[in-house]
Amino acid sequence: MKKIWIFIVPILVFCSPLVGSYPADVKPAPPVSDPVLPTEKDPVLPSSSSSSPGEEADAPAAHVVHHQDINKKILTALIIAATLLGATLLLASCFWFYRTKKLKSSNSEGGQKHSSDVEKELSAGQIFDKVTPLKVFGKKGSISFIAYPVLVAATNNFQESNIIGEGGLGCVYKGQFQDNLQAAIKKLNAKLQDSQREFENEVDLLGRIRHQNIVPLLGYSVQGETRFLVYEMMQNGSLESHLHGPSRGSSLTWHLRMKIALDVARGLEYLHERCNPPVIHRDLKSSNILLDSKYNAKLSDFGLAITGGNLNKKNVKLSGTLGYVAPEYLLDGKLTEKSDVYAFGVVLLELIIGRKPVEKISDTPQSLVTWAMPQLTDRTKLPGIVDPVIRNTMDLKHLYQVAAVAVLCVQPEPSYRPLITDVLHSFIPLVPVDLGGSLRVA
């Protein structure tokens, strides 16, 4: 109705001068004087304006004709205004009818769409059965639910020949989907302790996190008590398999190792500084650092990850991998972002030295940090403990810089460790430009 008044008001404004201005312009008729008795002599008139008695008798008739013209103009203006108003009202009515019909149509379509969405949610609810509702919708999209038969077909009914990795909660299979799309499918057994919680945690976090150095979660599925997580395929496997597998790190040059360290630092910096609230990975290790076809490193396995707002000792169970767990977390249960920095320092030592975080020496487990610390700070001994595969292939000044960063990261006192942002900036000048850093190699 507001739109109708928008059309009516200008018309009324336009018509008002036609109706009200004419009487104001009409001069009042001169007062009629009393009849004058005829005199013996006719009044003297100028010769130029002489007129016959008949013309004087017609003067009042001319005055009447003038009033009739004005009335006709007013009547014409009113007719035009009424016609315009009627036409405007007719157009406004047609427009209103059209809008009403269109709104009803869109509401009907929206209702059908909403009904379809409800049906999908109901079907998903039936599939989940008694599973706790998951927050599967993130800020940059959603995690897709993948039907179980699709996973069966992609893995050839989960044949052992398609297993590409094993973990504490299940196996990882290579899946071949349509259009030659490959993906890694992690199969979790819900009967195992904490598997359901880690499954929900992974879907929740990776549904909200998107970063070039974090493995994307493509979808998930549920079949009975078994849970499935579908990830982007990482063709070069884990960093652990390269460093401690059959190749013993031969495929990783010094510059490539520095690039991997830089990528890991970027991923952690995103979790610690860009996420709100901050995310602590809590299980950073070489087996959870995956490499794609171009050796871009990405963080994986967020089952133990926790947000910065949930650091109460009562709801944080001591978890992690021996050799990577920070001392304050292991002894006091104190968990902060600096716990991830400690684990990063251990991974950095693996990249430099090529040894596992915990190794048996004379049947006694020994920590890599404990063994390497005295030699890392001695420049005369440092080149001798470098991984033989890359020994003498780097600038010694760069080696000293990386060793210094590693020493700071594995400090027993958390406050002495640097922020991951500082670590990130210290690595950029050590990585060649073509690998994502700022170092220009001659």
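Quick notes on this structure:
- Qualifying residues in the stretch 227-266 (those that are touching a Lys or Arg at 6+ places or on another chain (Cβ under 9 Å), in a loop (DSSP other than H, G, I, E, B) and of a type in the set (A, V, I, L, M)) - the one farthest from residue 154 (Cα to Cα): 234
- Neighbours by Cβ (under 8 Å, 6+ apart or cross-chain): first from the stretch 348-366, at negative phi; second at pLDDT below 80: 366/360
- All of (1) surrounded by fewer than 20 Cβ atoms within 10 Å (Cβ to Cβ); (2) outside the structural domain of residue 188 (by TED's automatic domain parsing) hold for residue 224 with one exception: (2).
- Inside the stretch 385-401, residues that are over 15 Å from residue 249 (Cβ atoms) and surrounded by 18 or more Cβ atoms within 10 Å (Cβ to Cβ) make up a count of 1.
- Test for residue 417: is it of a type outside the set (A, V, I, L, M, F, W, C), surrounded by fewer than 16 Cβ atoms within 10 Å (Cβ to Cβ) and in contact (Cβ under 8 Å) with a residue 12 or more places away in the chain: no
- Listing of helices (runs of 4 or more DSSP H) fully contained in the stretch 283-394 that carry 3 or more residues being charged (D, E, K, R): 337-353
- In the stretch 182-212, residue farthest from the chain's Cα centre (by Cα) [restricted to those that are assigned to a loop (DSSP other than H, G, I, E, B) and surrounded by 20 or more Cβ atoms within 10 Å (Cβ to Cβ)]: 207
- Test: residue 301 is of a type in the set (Asp, Glu), crowded, with 21+ Cβ neighbours inside 10 Å and at pLDDT below 95: yes
- Matching option when the condition is in the same structural domain as residue 263 (by TED's automatic domain parsing) and closer than 30 Å to residue 275 by Cα, among 378, 363, 395, 340: 340
- Given (1) surrounded by 22 or more Cβ atoms within 10 Å (Cβ to Cβ); (2) of a type in the set (A, V, I, L, M); (3) not assigned by TED's automatic domain parsing to the domain that holds residue 421, index of the condition residue 271 fails: (3)
- Meets criteria (in contact with a strand residue (DSSP E or B) (Cβ under 7 Å, 6 or more places away or on another chain), farther than 17 Å from residue 242 by Cβ and surrounded by fewer than 19 Cβ atoms within 10 Å (Cβ to Cβ)) for residue 375: no
- Among the residues making up the stretch 236-251, those that are surrounded by fewer than 16 Cβ atoms within 10 Å (Cβ to Cβ) and without any contact (Cβ under 8 Å) to a residue 60 or more places away in the chain are 245, 246, 247, 251.
The values are calculated or read from the model by the stated rules, or taken from the named source; none is laboratory data. What you see is a predicted model, and the numbers here were worked out from it, not measured in a lab. We place every Cβ from the backbone using ideal geometry, glycine too, and count neighbours over all the protein chains shown.
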